[in-house]
Amino acid sequence: AGSTFVIYTVTNHCGVDYTTALVTVNPQPDAGTIIGAGSFCYFPPVTLGNTVSGGSWSCTNTSVATISAAGTVYGIPPGGSTTIRYIARNSCGSDTALLPVNVLWPCEGGVEELLAASSQLSISPNPGSGECTLLLTSPFSEKGIATITNLIGLKVMEFSLTANTPLGINLKQPIGMYFISVVTHHGTFAGKLNIGW
């Protein structure tokens, strides 16, 4: 790979003439080698590396794990096997490096306690009128289902949300206390909302 000049020469009885052209030969794409363990617990997230930069990450089975643009793998219970792909592209095509991985669940060593300590459901303003913002902070940018019930357990609202993304709601209900639970792949998170108190 690299650049060079190509020279074309014509010769006859009158003499010699030539022309030149600069030609660049691009290298074949090289996806390098993925660096990281092939078996790990679903939590905490694991960051993989590669011997070359500039590629993109993907996962063949997103029900087992997802991977960010930076190469961080987020396992999803109940775990299982999948393959991580690292794809390098240039004008000559693409090349792919593969890493089979096994996401373990359940895990030993207080993983569930660590996850619970790093996740939190916040509601603001609270108390308030019912118009508020929910935020589920979590190591995982995943979707969840939120359910709001009243004091007698009757469901008054249900909707989806994404962890680490604020979501505004307007709970048009009488004055009182309401219970909010959010269920994700990694657990259930709860909070209370007081309207008019």
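The values are calculated or read from the model by the stated rules, or taken from the named source; none is laboratory data. Computed from a prediction, not measured in an experiment: that's the story for all the values here. Virtual Cβ from ideal backbone geometry, glycine too; neighbours counted across all protein chains shown. Only protein heavy atoms, including side chains, enter the accessible area calculation; ligands, DNA and RNA are left aside. Shrake-Rupley method; radii C 1.70, N 1.55, O 1.52, S 1.80 Å.
Couple of notes before you dig in:
- One residue from Pro77, Pro45 being modelled with pLDDT under 90, touching a strand residue (DSSP E or B) at 6+ places or on another chain (Cβ under 8 Å), surrounded by 12 or more Cβ atoms within 10 Å (Cβ to Cβ) and within 24 Å of Gly187 (Cα to Cα): Pro45
- Taking the conditions (1) hydrophobic (A, V, I, L, M, F, W, C); (2) farther than 30 Å from Lys172 by Cβ; (3) in contact (Cβ under 8 Å) with a residue 24 or more places away in the chain in turn, Ala69 satisfies each one other than (3).
- Counting only strands (runs of 3 or more DSSP E) that fall entirely inside region 87-197 and contain at least 3 residues that are modelled with pLDDT of 90 or more and within 30 Å of Asp30 (Cβ to Cβ), the qualifying elements are 93-104.
- Members of region 156-197 that are surrounded by 15 or more Cβ atoms within 10 Å (Cβ to Cβ) and small (Gly, Ala, Ser): Ala163, Ser181, Gly187, Gly191
- Filtered residue count, region 54-71, keeping only those that are of a type in the set (S, T, N, Q) and in contact with a Phe, Trp or Tyr (Cβ under 9 Å, 6 or more places away or on another chain): 4
- Unique match (being exposed (fewer than 12 other Cβ atoms within 10 Å of the Cβ), out of contact with any helix residue (DSSP H, G or I) (no Cβ under 9 Å at 6 or more places or on another chain) and either in contact (Cβ under 8 Å) with a residue 12 or more places away in the chain or within 30 Å of His185 (Cβ to Cβ) (or both)) among Val52, Val25, Val16: Val25
- In region 58-70, the residue that is nearest to Gly187 (Cα to Cα) out of those that are at pLDDT 95 or above and open to solvent by less than 40 Å² (accessible area, probe 1.4 Å) is Cys59.
- Identity of the residue in region 33-42, modelled with pLDDT under 95 and not hydrophobic (A, V, I, L, M, F, W, C), that ends up farthest from Thr96 (Cα to Cα): Tyr42
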